[in-house]
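The values are calculated or read from the model by the stated rules, or taken from the named source; none is laboratory data. The shown structure was predicted, so the numbers you read here are calculated from the model rather than taken from an experiment. Cβ placement follows ideal geometry from the backbone for every residue including glycine, while neighbour counts extend to all protein chains displayed. Please note that ligands, DNA and RNA were not included when accessible areas were found on the heavy atoms of the full protein model with its side chains. Shrake-Rupley method; radii C 1.70, N 1.55, O 1.52, S 1.80 Å.
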Amino acid sequence: MNNESLGKLILRLVLGLSILLHGIAKLKGGVGPVGGMLASHGVPAFVAYAAYIGEVVAPIMVIAGWHARIGASLIAINMLVAISLVHVTQLFTLNDQGGWALELQGMYLFSAIAIALLGPGRYSVDKR
């Protein structure tokens with residue numbers, strides 16, 4: 001068994017499924033709140049539909065290992081936008097337990113960057 005490819009598979013599945021759950025919530029409830037946040041920052045509200053790419057299409061690419069580097073890069077971009085729109089004031093703060101206030105967002109972001117750099121591994125549609 002190739003431990004490196006197994007580790008990449010686990011990383012892809014955890015990141016992809018975690019982000020996809022956010023995408024499913026947006027498919028059910030729409031992207032209206034995201035559009036409102038974008039509009040408050042001077043960005044046209046229709047750009048919120050890009051969240052479907054970052055939270056539905058990209059995670060499926062990552063989970064399957066089909067052009068996973070591209071999918072992971074899209075997730076990283078999505079996370080950078082989310083952090084800049086919603087969490088920028090928490091960037092240098094700690095939570096009540098002493099951890100980074102953005103540890104979940106940071107984990108998503110840096111896991112996506114890791115997949116973008118490492119590739120999907122052998123257990124993927126691309127088999128790289």
Task: Matching residues in segment 26-38 - criterion: being open to solvent by less than 60 Å² (accessible area, probe 1.4 Å) and either in contact (Cβ under 8 Å) with a residue 40 or more places away in the chain or in a helix (DSSP H, G or I) (or both) - done: LYS26, GLY32, VAL34, GLY35, GLY36, LEU38
Open item on the list: I'm told TRP66 meets every condition in (1) in a helix (DSSP H, G or I); (2) modelled with pLDDT of 95 or more except one. Can you identify the failing condition by its number?
Closed with: (1)
Open item on the list: Taking the conditions exactly as written (under 30 Å from ARG122 (Cα atoms), touching a Gly at 6+ places or on another chain (Cβ under 8 Å) and either of a type in the set (A, V, I, L, M, F, W, C) or free of Cβ contacts under 8 Å to residues at least 12 places away in the same chain (or both)), does ILE19 satisfy them or not?
Closed with: yes
- [ ] Mind telling me which of the residues ILE115, ILE83 ends up being under 20 Å from LEU17 (Cβ atoms), in contact with a Leu (Cβ under 7 Å, 6 or more places away or on another chain), open to solvent by less than 60 Å² (accessible area, probe 1.4 Å) and modelled with pLDDT of 90 or more?
- [x] ILE115
Open item on the list: Going through PRO59, PRO120 one at a time, which residue ends up being under 9 Å from the mean Cα position of the chain (by Cα) and either outside any helix (DSSP H, G or I) or under 18 Å from VAL34 (Cβ atoms) (or both)?
Closed with: PRO59
- [ ] Would you tally the residues in segment 39-78 being open to solvent by 20 Å² or more (accessible area, probe 1.4 Å) and touching a Phe, Trp or Tyr at 6+ places or on another chain (Cβ under 9 Å)?
- [x] 2
Task: Scope segment 108-128; condition of a type in the set (A, V, I, L, M, F, W, C) and under 23 Å from ILE83 (Cα atoms); matching residues - done: LEU109, PHE110, ALA112, ILE113, ALA114, ILE115, ALA116, LEU117
